[in-house]
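**Q** The structure that follows is given in the form of structure tokens.
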Amino acid sequence: MAFGEGGCGGQCADRLDLDFTMAFQPIVDVAAGSVWAHEALVRGTAGQGAGWVLGQVTDATRYAFDQSCRIKAIELASTLPMNGARLSINFLPNAVYKAEACIRATLAAARRTGFPTDRIIFEVTENERVVDHDHLKSIFNEYKRQGFLTAIDDFGSGYSGLNLLAEFQPDIIKLDMELTRSIDTERARRSIVKAILAVCEDLAITPIAEGIETADEAKALRDLGVTLMQGYLFAKPAFEAVVTEPNLAMLAP
């Protein structure tokens, strides 16, 4: 399948010949006992992992791949029982040229499928080295202007950390699993997460804890005030499907 979209001064016309699809992993609200969002995760059409797909993307096809991921995620999500949950989509900041032009395909997909734009979250991973911070800030500002939510993924593990947060404040930050792992037993991790949560509260940013694998980790984070979580404890990614009833029994009072 060939992908491509113009509208960015001719720089966005690269094409990608690659078939791929999506799996969806829920982000749960442990306080409400419900699914708050589903994150779209790229997969091969035969179930191959994200690494297999990303390994076929080159600098020349990065933009086409980024655009195609957004469209695929929205199209698939619109056919699934989202039940009002948000859709979280990862984007590659170094693949976006001019945000207001390059968002057109996303807006068109949302209109075509009837998926509300105010239920779409765009995540940028801190693990990708951002070439131009001013450019990323302009992307975030444009996405907010269009009604999308914005998020920094893998917060605390990448290239920029608090410097990234100081330059632009997203709606959401997702605490990296290296910070949440064994948080129930390791004082240093608890102290660091408590400090980050204080910053989030001061800046009106919603925190999400990712990579949760044990009930003790989830309970420790809940005690710190984190109510949105994601990880294998609740559900693994579902291939071309959404998990509507994640495992929340272990957190019952």
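The values are calculated or read from the model by the stated rules, or taken from the named source; none is laboratory data. As the structure is a computational prediction, the values presented were derived from the model and not from experiment. As a convention, Cβ positions derive from the backbone with ideal geometry for all residues, glycine included, and neighbour counts pool all protein chains shown. Each accessible area value is taken on the protein alone, full model and side chains, heavy atoms only, with ligands, DNA and RNA left out. Shrake-Rupley method; radii C 1.70, N 1.55, O 1.52, S 1.80 Å.
**Q** How large is ³J(HN,Hα), in whole Hz, for each residue of the range 222-235 in order, when computed from phi with the Karplus curve 6.51 cos²θ - 1.76 cosθ + 1.60 and θ = phi - 60°, using x for Gly and Pro?
**A** Going residue by residue, I get 4, 5, 7, x, 7, 10, 9, 9, 8, x, 4, 4, 8, 5 Hz, with x marking Gly and Pro.
**Q** With a 10 Å radius around each residue's Cβ, average the other Cβ atoms per peptide and rank 210-218, 147-155, highest first.
**A** 147-155, 210-218
**Q** Per residue, what accessible area does the range 20-239 have, given a 1.4 Å probe and all protein chains present, in Å²?
**A** Values: 9230 Å² over 220 residues.
So the range 20-239 comes to 42 Å² accessible per residue, rounded to a whole number.
**Q** Separate question: Please report the carbon-and-sulfur percent of the accessible area for the range 147-211; probe 1.4 Å, protein heavy atoms only, DNA, RNA and ligands left out.
**A** Carbon-and-sulfur percentage of accessible area, whole number: 49.
**Q** Tally the DSSP beta bridges in the range 20-239 and give the antiparallel ones as a percent, rounded to 5.
**A** Numbers: 14 of 36 bridges.
Bridges in the range 20-239 are about 40 percent antiparallel.
**Q** For a label point 7 Å from the Cα of Asn83 along Cα→C-beta, name the residues of the range 207-243 whose backbone N is under 14 Å from it.
**A** What the label zone holds, given the 14 Å backbone N cut-off, is 235, 242-243.
**Q** Taking R0 as 41 Å, what FRET efficiency do you get between Asn141 and Ala32 from their Cβ-Cβ distance, rounded to the nearest 0.05?
**A** 0.85
**Q** Now a separate question. What residues qualify as long-range amide H neighbours of Ala209, i.e. H under 5 Å apart, gap of 5 or more or another chain, H built at 1.01 Å from N?
**A** Counting only residues 5 or more places away or on other chains, the set is Leu175, Leu228, Met229, Gln230.
**Q** While we're on this one: Using the Karplus curve 6.51 cos²θ - 1.76 cosθ + 1.60 with θ = phi - 60°, work out ³J(HN,Hα) for each residue of the range 55-61 in order, rounded to whole Hz, and write x for Gly and Pro.
**A** x, 9, 8, 10, 4, 6, 10
**Q** Based only on the alpha carbon positions, what is the Kirkwood hydrodynamic radius of the range 20-239, in angstrom? Write out the running numbers ahead of the final one.
**A** Working: mean 1/r = 0.0563 Å⁻¹.
About 17.8 Å, per the Kirkwood formula over Cα pairs.
**Q** Between Arg111 and His133, how many nm apart are label points set 7 Å from Cα along the C-beta direction?
**A** 3.6 nm
**Q** Which of the peptides 196-208, 225-237 is most tightly packed, and how do the rest follow, judged by the mean count of other Cβ atoms within 10 Å per residue?
**A** 225-237, 196-208
**Q** Would you work out the relative contact order for the range 20-239, in percent, from Cα pairs under 8 angstrom that are 6 or more residues apart?
**A** Reported as a whole number, the value is 20 percent.
**Q** When ranked by the protection proxy of mean other Cβ atoms within 10 Å per residue, highest first, what sequence do the peptides 36-44, 164-172 form?
**A** Averaged packing, sorted descending, gives the order 36-44, 164-172.
**Q** Can you give the net charge of the other residues whose Cβ lies under 12 Å from the Cβ of Lys72, counting K and R as +1 and D and E as -1?
**A** Surrounding charge for Lys72 is -2.
**Q** Moving on. Lys and Arg at +1, Asp and Glu at -1: add these up for the other residues within a Cβ distance under 14 Å of Gly49 and post the number.
**A** +2
**Q** Still on this model: Taking only C-alpha pairs under 8 Å that are 6+ residues apart, what is the relative contact order of the range 170-253 in percent?
**A** The value is 29 percent.
**Q** Lys194 to Asp59: FRET efficiency via 1/(1 + (r/R0)^6), r the Cβ-Cβ distance, R0 45 Å, to the nearest 0.05?
**A** Efficiency computed from Cβ-Cβ geometry: 0.65.
**Q** Would you tally the net charge around Pro26, using a Cβ to Cβ cut-off of less than 12 Å, leaving Pro26 out, and scoring K and R as +1, D and E as -1?
**A** With Lys, Arg at +1 and Asp, Glu at -1, the net is -2.
**Q** Can I ask one more? Check cross-link reach from Lys137 to the lysines: straight Cα distance under 29 Å, and skip same-chain residues fewer than eight apart.
**A** Candidates past the 8-residue exclusion: Lys72, Lys98, Lys174, Lys194.
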